[in-house]
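Engineer: Dropping the structure in here first, questions after.
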Amino acid sequence: MNVTADTIERNRSLHPDWSRELSRPLTISGVTQLKTLADVRELMRHLPAEHRRRPSWRYVDAEITDAARSGDVVGALAALRMALMFECVVWNE
């Protein structure tokens, strides 16, 4: 069996890896610590629907999905920070 880089990349994009770690964990005091893309996804599931529909959270959703497929978490972390700032949520790194 000849496995090419294209085959590996295609399989990676078909099977998102939600266990990918954020480059820096974020702690929302008294709420949770976000270490992985799965943690961010779980946080988003607990947001009220009207919050999830906001452009900032839709962008976070797109970025974490892309990161789960590609492995590049930098954009996902930046989008998460931005959404938290818009919501006036205080976090620590």
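The values are calculated or read from the model by the stated rules, or taken from the named source; none is laboratory data. Note that the structure is a prediction, hence the values are computed from the model and not measured. Note that we place each Cβ from the backbone using ideal geometry, even for glycine, and neighbour counts take in every protein chain shown.
Engineer: When you go through THR36, THR32 one by one, which is the residue that is touching a Ser or Thr at 6+ places or on another chain (Cβ under 8 Å) and among the β-branched types (Val, Ile, Thr)?
Structural biologist: After applying the criteria, what remains is THR36.
Engineer: Then there is this: Out of TRP57, TRP18, which single residue is surrounded by 14 or more Cβ atoms within 10 Å (Cβ to Cβ), in a loop (DSSP other than H, G, I, E, B) and modelled with pLDDT of 95 or more?
Structural biologist: TRP18
Engineer: Another question, then. Taking the options ALA38, ALA62, ALA5, ALA49, name whichever one is at pLDDT 95 or above and more than 20 Å from GLU87 (Cα to Cα).
Structural biologist: Just one listed residue meets the conditions, ALA38.
Engineer: Return the residues of the stretch 60-77 that are among the acidic types (Asp, Glu) and surrounded by 22 or more Cβ atoms within 10 Å (Cβ to Cβ); say none if nothing qualifies.
Structural biologist: GLU63
Engineer: Among ALA67, ALA62, which is the only one that is touching a Lys or Arg at 6+ places or on another chain (Cβ under 7 Å) and either within 22 Å of PRO16 (Cα to Cα) or not in a helix (DSSP H, G or I) (or both)?
Structural biologist: The conditions single out ALA67.
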